[in-house]
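Novice: Take a look at this one; I'll ask things after.
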Amino acid sequence: MSTENTQSHVCSICLTAVEPGGGSVECPSCTTVYHDDCWAENGGCGRYGCVETPPTEPRTDLEIPVSFWGQEHKQCPSCGTQIMAAALRCRNCGATFSSARPEDAEAFRNRATQQSRRSGTQRMAMVVFSLCILPCTSPLGLLIAAIWYPLRRKELATLPGLYRTLLIIGMIVAVILIVGTVLLSLTYARTHTLDFELLPNASQ
């Protein structure tokens, strides 16, 4: 609720004075006075223990395990060199890490292998898509897609949906191109046959 007290208060959120007559809000539970915008931005009272205090976000896993607290260095899981605990890249071998959290060699190799396979799957998906949409290579692209897509379905599921969408579009385009080419060939062959059959009659 808004309040227009003549007594000056200090907003406990921004720690500046709430001028009398200015826009202010009084907490309905603990009667602490705040600026209107401070109350709105905070989502409620800023006093510890007040029932009007907004709920806090759930805690996430610690970035660095407790066993590594206070340590200034960690071992690079790729080359074994001692590097800074907060480093995201090894200065010796150039290996990069997704976070500052210490990682053992096996976990690092598994993550690197997964990233490499993801990159390879992304490149292959784009190659197959390109083959499918080109008229001269659409049969080959469709054949490769029909064999490769079921084998990499799980890996494709971990990629952004754009890659799966492009593959499906590519296969549809390839089918249309192949069917269209076959129909055109049959139409041309039929027309050529009719012309050939009519040629003797025309000469007579």
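Rundown of residues vs (1) under 30 Å from Ala85 (Cβ atoms); (2) surrounded by 17 or more Cβ atoms within 10 Å (Cβ to Cβ); (3) modelled with pLDDT under 75, yes/no style:
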| position | (1), (2), (3) |
| --- | --- |
| Leu15 | no, no, yes |
| Asp36 | no, no, no |
| Glu41 | no, no, no |
| Thr56 | yes, no, yes |
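Novice: Still on this model: Condition (residue is of a type outside the set (Lys, Arg), surrounded by 14 or more Cβ atoms within 10 Å (Cβ to Cβ) and part of a helix (DSSP H, G or I)) applied to region 92-105: is it met by at least one residue?
Specialist: no
Novice: Does region 87-117 hold any residues that are within 24 Å of the chain's Cα centre (by Cα) and either farther than 28 Å from Leu159 by Cα or among the small types (Gly, Ala, Ser) (or both), and which are they?
Specialist: Ala87, Ala95, Ser98, Ser99, Ala100, Ala107, Ala112, Ser116
The values are calculated or read from the model by the stated rules, or taken from the named source; none is laboratory data. Fair warning: this is a prediction, and the values are worked out from it, not measured in the lab. We place every Cβ from the backbone using ideal geometry, glycine too, and count neighbours over all the protein chains shown.
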